[in-house]
1. From the residues in the stretch 83-110 that are open to solvent by 60 Å² or more (accessible area, probe 1.4 Å) and not in a helix (DSSP H, G or I), which one is nearest to E46 (Cα to Cα)?
2. Wholly within the stretch 1-64, which helices (runs of 4 or more DSSP H) include no fewer than the required count, namely at least 1 residues that are touching a Gly at 6+ places or on another chain (Cβ under 8 Å)?
3. Condition test on R52, is it over 12 Å from the mean Cα position of the chain (by Cα), surrounded by 16 or more Cβ atoms within 10 Å (Cβ to Cβ) and not small (G, A, S)?
4. For the stretch 23-42, give me each residue that is open to solvent by 60 Å² or more (accessible area, probe 1.4 Å), within 14 Å of the chain's Cα centre (by Cα) and not hydrophobic (A, V, I, L, M, F, W, C).
5. If you check L70 against the conditions, is it within 17 Å of the chain's Cα centre (by Cα), crowded, with 16+ Cβ neighbours inside 10 Å and either among the β-branched types (V, I, T) or within 20 Å of S2 (Cα to Cα) (or both)?
Amino acid sequence: MSDVLRELTTILEARRQADPSSSYVASLHAKGLNKILEKVGEEAVETILAARDAADSGDTTALIGETADLWFHSLVMLSHLGQSADAVLAELQRRFHISGLDEKASRTSR
(Lines give C-alpha, C1' and ligand atoms only; values in the text may rest on other atoms or scores of the structure.)
Protein backbone atom coordinates (compact mmCIF):
# COMPACT_ATOMS: atom_id res chain seq x y z
CA MET A 1 0.00 0.00 0.00
CA SER A 2 2.78 2.48 0.77
CA ASP A 3 4.07 2.03 -2.81
CA VAL A 4 1.07 4.04 -3.98
CA LEU A 5 1.88 6.80 -1.51
CA ARG A 6 5.54 6.77 -2.54
CA GLU A 7 4.65 7.02 -6.22
CA LEU A 8 2.13 9.78 -5.56
CA THR A 9 4.68 11.68 -3.46
CA THR A 10 7.16 11.51 -6.36
CA ILE A 11 4.53 12.78 -8.79
CA LEU A 12 3.47 15.57 -6.43
CA GLU A 13 7.09 16.72 -6.03
CA ALA A 14 7.56 16.81 -9.80
CA ARG A 15 4.32 18.71 -10.31
CA ARG A 16 5.29 21.21 -7.64
CA GLN A 17 7.88 22.57 -10.08
CA ALA A 18 5.54 22.41 -13.09
CA ASP A 19 3.86 25.28 -14.89
CA PRO A 20 0.78 26.29 -12.86
CA SER A 21 -1.22 26.66 -16.07
CA SER A 22 -0.63 22.99 -16.92
CA SER A 23 -0.80 21.33 -13.48
CA TYR A 24 -3.47 21.45 -10.79
CA VAL A 25 -0.87 20.69 -8.09
CA ALA A 26 1.45 23.42 -9.37
CA SER A 27 -1.47 25.86 -9.40
CA LEU A 28 -2.21 25.06 -5.75
CA HIS A 29 1.44 25.62 -4.81
CA ALA A 30 1.45 28.89 -6.74
CA LYS A 31 -1.64 30.07 -4.86
CA GLY A 32 0.08 29.37 -1.56
CA LEU A 33 -0.49 27.56 1.70
CA ASN A 34 -3.78 29.24 2.55
CA LYS A 35 -5.39 27.97 -0.68
CA ILE A 36 -4.05 24.48 -0.02
CA LEU A 37 -5.40 24.57 3.55
CA GLU A 38 -8.75 25.75 2.22
CA LYS A 39 -8.86 22.70 -0.07
CA VAL A 40 -7.93 20.35 2.81
CA GLY A 41 -10.72 21.85 4.91
CA GLU A 42 -13.22 21.62 2.06
CA GLU A 43 -12.34 17.98 1.44
CA ALA A 44 -12.55 17.19 5.18
CA VAL A 45 -16.10 18.56 5.31
CA GLU A 46 -17.06 16.66 2.15
CA THR A 47 -15.62 13.47 3.67
CA ILE A 48 -17.65 13.95 6.84
CA LEU A 49 -20.84 14.51 4.85
CA ALA A 50 -20.13 11.46 2.69
CA ALA A 51 -19.61 9.36 5.83
CA ARG A 52 -23.00 10.47 7.19
CA ASP A 53 -24.63 9.61 3.87
CA ALA A 54 -22.87 6.24 3.80
CA ALA A 55 -24.11 5.45 7.30
CA ASP A 56 -27.67 6.15 6.16
CA SER A 57 -27.54 4.51 2.74
CA GLY A 58 -24.90 1.82 3.10
CA ASP A 59 -23.26 3.06 -0.14
CA THR A 60 -19.64 4.00 0.55
CA THR A 61 -18.74 5.01 -3.02
CA ALA A 62 -18.77 8.75 -2.33
CA LEU A 63 -17.02 8.24 1.00
CA ILE A 64 -14.10 6.49 -0.67
CA GLY A 65 -13.86 9.19 -3.34
CA GLU A 66 -13.98 12.03 -0.82
CA THR A 67 -11.43 10.32 1.42
CA ALA A 68 -9.12 9.99 -1.59
CA ASP A 69 -9.56 13.72 -2.25
CA LEU A 70 -8.81 14.50 1.40
CA TRP A 71 -5.67 12.36 1.41
CA PHE A 72 -4.54 13.85 -1.91
CA HIS A 73 -4.90 17.44 -0.73
CA SER A 74 -3.26 16.55 2.60
CA LEU A 75 -0.28 15.20 0.64
CA VAL A 76 -0.14 18.45 -1.35
CA MET A 77 -0.12 20.34 1.97
CA LEU A 78 2.71 18.18 3.31
CA SER A 79 4.67 18.68 0.08
CA HIS A 80 4.21 22.44 0.29
CA LEU A 81 5.69 22.32 3.78
CA GLY A 82 8.62 20.13 2.74
CA GLN A 83 7.22 16.89 4.17
CA SER A 84 5.92 13.67 2.66
CA ALA A 85 3.73 10.68 3.33
CA ASP A 86 6.82 8.90 4.68
CA ALA A 87 6.88 11.20 7.71
CA VAL A 88 3.23 10.44 8.44
CA LEU A 89 3.75 6.70 7.96
CA ALA A 90 6.74 6.82 10.32
CA GLU A 91 4.62 8.57 12.94
CA LEU A 92 1.86 5.99 12.58
CA GLN A 93 4.42 3.21 12.89
CA ARG A 94 5.88 4.86 16.01
CA ARG A 95 2.44 4.67 17.58
CA PHE A 96 2.15 0.89 17.12
CA HIS A 97 2.03 -0.96 20.43
CA ILE A 98 1.09 2.22 22.26
CA SER A 99 -2.39 2.41 23.72
CA GLY A 100 -4.45 5.03 21.92
CA LEU A 101 -5.40 6.48 25.29
CA ASP A 102 -1.74 6.66 26.40
CA GLU A 103 -0.69 8.21 23.07
CA LYS A 104 -3.40 10.85 23.30
CA ALA A 105 -2.49 11.62 26.91
CA SER A 106 1.17 12.11 25.92
CA ARG A 107 0.14 14.71 23.31
CA THR A 108 -1.93 16.74 25.76
CA SER A 109 0.93 16.88 28.27
CA ARG A 110 3.41 18.35 25.76
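1. Here the answer is Q83.
2. Details: elements: 2-16, 24-31, 33-57.
Helices (runs of 4 or more DSSP H) meeting the threshold: 33-57.
3. Values: over 12 Å from the mean Cα position of the chain (by Cα): yes; surrounded by 16 or more Cβ atoms within 10 Å (Cβ to Cβ): no; not small (G, A, S): yes.
So R52 does not fit the description; no.
4. If the condition is that a residue be open to solvent by 60 Å² or more (accessible area, probe 1.4 Å), within 14 Å of the chain's Cα centre (by Cα) and not hydrophobic (A, V, I, L, M, F, W, C), then E38, E42 are the ones that fit.
5. Details: within 17 Å of the chain's Cα centre (by Cα): yes; crowded, with 16+ Cβ neighbours inside 10 Å: yes; either among the β-branched types (V, I, T) or within 20 Å of S2 (Cα to Cα) (or both): yes.
Criteria met by L70.
The values are calculated or read from the model by the stated rules, or taken from the named source; none is laboratory data. Just so you know, these numbers come straight off a predicted model, no measurement behind them. Every residue, glycine as well, gets a Cβ built from its backbone with ideal geometry; the counts of neighbours run over all protein chains shown. To get the accessible areas, we keep the full protein, side chains included, count just its heavy atoms, and leave off ligands, DNA and RNA. Shrake-Rupley method; radii C 1.70, N 1.55, O 1.52, S 1.80 Å.
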